[in-house]
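Only one structure is covered here, and it is reproduced in the block below.
The values are calculated or read from the model by the stated rules, or taken from the named source; none is laboratory data. Here the structure is a predicted model, which means the values were calculated and not measured. Cβ placement follows ideal geometry from the backbone for every residue including glycine, while neighbour counts extend to all protein chains displayed.
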């Protein structure tokens, strides 16, 4: 089974009227006002899955500041699961600073969603990154997910290199603080955790802190040399890496070609592309 752990879909109303949201949602404008930026719906995703050989995808929305908007988007995620039974797994996405964050997470999980994410700061967090305010606001959501044994997917990015829309000033210290604050939670760090997995090589403390932490590959072909797959497996082991395409930004076949280029074995590919996600999602 091939599972794509990181895909974004949007309801028709937003896809066809994106400019309507730019003024009040600067993070959304930052990511989706550029020419060529893609918004896809559930039907487009499933069509792509069929053509790319993907059996199941994890779908989520956007961390809208407006609580009514993230509720409507989560409703679309819930409806999409019912429309394509067995093909999609849904996560609840919210603005972590909203007063409606915890009630919405509880509503979504009770409605059949299987986790929370992709939680992100984007423009609003550019100056501060994953600071104490973010971590403290995240705590009640993490408590709910821990109680229900559901994973939380968090946007991270490399702290150096070229700037691009959505890249925030995450530091390794901030990301590590988040991990150690919630040691019992199942945490998936998007985009390779910004590269923090390298510190799994340290002899003390860090390795134990990564016990419940996973790393997805979203946007990897845009960010890293294909050698990263072999390097990451050597450092983390194959059980902690999860394939995510960041659809519709990239299609899965870009990753599959890189797996071959990196010389991954069938066992390693099977783990990255399905077994690890299935275990994390209790499928």
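Of all the listed residues (232, 277, 218), the sole one being touching a strand residue (DSSP E or B) at 6+ places or on another chain (Cβ under 8 Å), buried (at least 22 other Cβ atoms within 10 Å of the Cβ), in contact (Cβ under 8 Å) with a residue 24 or more places away in the chain and assigned to a loop (DSSP other than H, G, I, E, B) is 218. Residue count for segment 1-26 satisfying the condition of being part of a loop (DSSP other than H, G, I, E, B), touching a helix residue (DSSP H, G or I) at 6+ places or on another chain (Cβ under 8 Å) and touching a residue at least 24 places away in the same chain (Cβ under 8 Å): 6. Test residue 93 against the criterion of being surrounded by 17 or more Cβ atoms within 10 Å (Cβ to Cβ) and farther than 30 Å from residue 224 by Cα, and give yes or no. Judged against the criteria, residue 93 is not a match. All conditions but one from (1) surrounded by fewer than 22 Cβ atoms within 10 Å (Cβ to Cβ); (2) outside any loop (DSSP other than H, G, I, E, B) apply to residue 65; the one that does not is (2).
To keep it simple, each residue is scored yes or no on (1) surrounded by fewer than 21 Cβ atoms within 10 Å (Cβ to Cβ); (2) assigned to a helix (DSSP H, G or I); (3) modelled with pLDDT of 95 or more.
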position	(1), (2), (3)
79	yes, yes, yes
99	yes, no, yes
107	yes, yes, yes
112	yes, no, yes
118	no, no, yes
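Candidates are the residues of segment 203-215 that are assigned to a helix (DSSP H, G or I) and touching a residue at least 24 places away in the same chain (Cβ under 8 Å); the one that is surrounded by the most Cβ atoms within 10 Å (Cβ to Cβ) is 206. In segment 235-245, what residues are outside any helix (DSSP H, G or I) and crowded, with 18+ Cβ neighbours inside 10 Å? The answer is 241, 242, 243, 244, 245. Residue 54 falls short on exactly one of the conditions (1) surrounded by 22 or more Cβ atoms within 10 Å (Cβ to Cβ); (2) within 22 Å of residue 154 (Cα to Cα), and that condition is (2). Which of the residues spanning segment 32-74 are under 13 Å from residue 10 (Cβ atoms) and touching a residue at least 60 places away in the same chain (Cβ under 8 Å)? Once the filter is applied, which keeps residues that are under 13 Å from residue 10 (Cβ atoms) and touching a residue at least 60 places away in the same chain (Cβ under 8 Å), segment 32-74 yields 38, 39, 40, 44, 45, 60, 72, 73.
Among the residues making up segment 27-43, those that are surrounded by 15 or more Cβ atoms within 10 Å (Cβ to Cβ) and farther than 19 Å from residue 252 by Cα are 27, 28, 29, 30, 31, 32. Would you say residue 49 is in contact with a helix residue (DSSP H, G or I) (Cβ under 9 Å, 6 or more places away or on another chain), modelled with pLDDT under 95 and closer than 30 Å to residue 279 by Cα? So residue 49 does not fit the description; no. Considering segment 246-274, the residues that are touching a strand residue (DSSP E or B) at 6+ places or on another chain (Cβ under 6 Å) and under 14 Å from residue 192 (Cβ atoms) include one that is surrounded by the most Cβ atoms within 10 Å (Cβ to Cβ), namely 272.
Of all residues in segment 157-201, those that are at pLDDT below 95 and assigned to a loop (DSSP other than H, G, I, E, B) total 15.
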